[in-house]
2 protein chains.
Amino acid sequence: MDFSPDCPLCTANPDTLLWRDDKLRIIRVDEPRYPGYLRIVWQRHKAEMTDIDPMDRLHLMRTVFQVERLQRILLRPDKINLASLGNQVPHLHWHLIPRWRGDPCFPDAVWAPPRHDPARAAAWSDACEALAPHVERLHLALSTRGPAAEPPRA
Amino acid sequence: MDFSPDCPLCTANPDTLLWRDDKLRIIRVDEPRYPGYLRIVWQRHKAEMTDIDPMDRLHLMRTVFQVERLQRILLRPDKINLASLGNQVPHLHWHLIPRWRGDPCFPDAVWAPPRHDPARAAAWSDACEALAPHVERLHLALSTRGPAAEPPRA
């Protein structure tokens with residue numbers, strides 16, 4: 001099945017779309033505590049990586065790693081988290097989440113309960129503010145030149 | 001850096017090892033509530049996918065999808081979850097987690113707090129028991145024939 005009328009990922013939201021080709025699209029995730037969080041969404045309604053052709057898998061994973069590279073160069077996170085879950089929305093998509101030692105859930109997954117006390121939360125809020133122009137640069141690089149672009153000098 | 005003396009993933013544990021080649025190994029995760037949970041661990045001490053060569057990335061991801069295929073054929077889960085996090089142990093490894101609607105965290109990630117009430121927990125415990133021989137078959141297929149093997153008829 002290529003399209004499911006009730007699936008929230010079958011229709012692109014122009015507000016969050018950064019880049020697309022005929023196979024996939026890269027969207028920003030508006031999660032203020034996780035700067036630079038992106039998703040790569042497969043255009044067709046497929047649930048699993050092994051539901052798509054090997055060449056399509058290659059294309060999707062190549063794009064994931066191109067975007068990871070841009071996130072690392074432009075944001076200098078302590079770690080990158082990659083995940084394809086889809087339990088809630090079984091339409092193939094990858095989470096690409098830059099992580100920092102000071103972020104709310106570190107070193108747990110972002111799906112775990114936050115560990116933050118109020119002092120750490122304030123410090124993290126300042127850190128997010130400092131990261132904002134770098135996130136802008138990441139979004140601009142993707143939207144103007146795509147995932148294969150050479151990154152601008154940070 | 002290829003080896004880190006303090007890293008728990010730099011040394012293979014023979015008790016959980018199912019299969020290995022010179023680049024990676026497949027290990028079972030003894031998490032009784034998640035039957036068929038496997039990890040694929042890169043042999044060298046690297047943190048990120050973009051820290052290894054493109055050909056190595058290809059080999060690692062090909063193995064991930066081969067194992068996903070075996071998990072789907074032999075266990076028939078409702079969903080497969082794939083994740084490379086490494087916040088706690090920054091040594092490249094993939095989580096391959098078969099998921100079922102009745103498992104403790106579904107539809108959340110396995111790193112979220114469990115949703116189970118006692119009645120669902122008992123039902124899930126029975127389901128895990130029923131899955132055990134299929135998990136055995138998965139482990140046997142991997143340990144005797146590797147991830148590229150044709151699966152035995154379930």
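For segment B:1-36, what are the residues that are of a type in the set (D, E, K, R), closer than 21 Å to B:ARG99 by Cβ and open to solvent by 80 Å² or more (accessible area, probe 1.4 Å)? Walk me through how you get there before you give the answer.
Quick first cut of segment B:1-36, residues of a type in the set (D, E, K, R) only: B:2, B:6, B:15, B:20-23, B:25, B:28, B:30-31, B:33.
Filter once more, keeping what is closer than 21 Å to B:ARG99 by Cβ: B:28, B:30-31, B:33.
The answer is B:ASP30, B:ARG33.
Set side by side, the residues A:ASP126, A:ASP78 differ, and just one is under 20 Å from B:ASN87 (Cβ atoms), open to solvent by 20 Å² or more (accessible area, probe 1.4 Å) and either without any contact (Cβ under 8 Å) to a residue 40 or more places away in the chain or over 14 Å from the mean Cα position of the chain (by Cα) (or both), which is A:ASP78.
Under the condition of being under 18 Å from A:PRO14 (Cα atoms) and part of a helix (DSSP H, G or I), the residues counted in segment A:128-148 number 9. For segment A:129-136, does any single residue satisfy the condition of being loosely packed, with under 15 Cβ neighbours inside 10 Å and touching a residue at least 60 places away in the same chain (Cβ under 8 Å)? Scanning segment A:129-136 turns up at least one residue that is loosely packed, with under 15 Cβ neighbours inside 10 Å and touching a residue at least 60 places away in the same chain (Cβ under 8 Å). With respect to the stated conditions, B:ALA121 is open to solvent by less than 50 Å² (accessible area, probe 1.4 Å), more than 19 Å from B:GLN71 (Cα to Cα) and not in a loop (DSSP other than H, G, I, E, B). Inside segment A:87-114, residues that are within 7 Å of chain B (Cβ to nearest Cβ) and open to solvent by 10 Å² or more (accessible area, probe 1.4 Å) make up a count of 9.
For A:GLN88, the conditions (1) free of Cβ contacts under 8 Å to residues at least 12 places away in the same chain; (2) over 30 Å from B:LYS79 (Cα atoms) are fulfilled apart from (2). Residue under question is A:ALA154, and the condition is that it be farther than 30 Å from A:PHE3 by Cβ, in a loop (DSSP other than H, G, I, E, B) and modelled with pLDDT under 95; does it hold? In short, yes. The requirement of being more than 11 Å from the chain's Cα centre (by Cα) and touching a residue at least 24 places away in the same chain (Cβ under 8 Å) is not satisfied by A:PRO35. Out of all the residues in segment B:46-68, is one or more aromatic (Phe, Trp, Tyr) and in contact with an Asp or Glu (Cβ under 6 Å, 6 or more places away or on another chain)? No, segment B:46-68 contains no residue that is aromatic (Phe, Trp, Tyr) and in contact with an Asp or Glu (Cβ under 6 Å, 6 or more places away or on another chain). Of all the criteria given as (1) modelled with pLDDT of 95 or more; (2) more than 13 Å from chain A (Cβ to nearest Cβ), the one not satisfied by B:ILE73 is (2).
Residues in segment A:37-50: is at least one on the phi > 0 side of the Ramachandran plot and either buried (at least 17 other Cβ atoms within 10 Å of the Cβ) or hydroxyl-bearing (Ser, Thr, Tyr) (or both)? Steps first, answer last, please.
Residues of segment A:37-50 that are on the phi > 0 side of the Ramachandran plot, as a first pass: none.
For segment A:37-50, residues on the phi > 0 side of the Ramachandran plot and either buried (at least 17 other Cβ atoms within 10 Å of the Cβ) or hydroxyl-bearing (Ser, Thr, Tyr) (or both): absent.
Given the conditions (1) touching a strand residue (DSSP E or B) at 6+ places or on another chain (Cβ under 6 Å); (2) more than 30 Å from A:ASP22 (Cβ to Cβ); (3) of a type in the set (Ser, Thr, Tyr), and given that A:SER125 satisfies all but one, which numbered condition is not satisfied? Answer for A:SER125: the failing condition is (1).
The values are calculated or read from the model by the stated rules, or taken from the named source; none is laboratory data. What you see is a predicted model, and the numbers here were worked out from it, not measured in a lab. Cβ coordinates were reconstructed from backbone atoms using ideal geometry, including for glycine residues, and neighbour counts include every protein chain displayed. Surface accessibility is based on the protein's heavy atoms, side chains included, excluding ligands, DNA and RNA. Shrake-Rupley method; radii C 1.70, N 1.55, O 1.52, S 1.80 Å.
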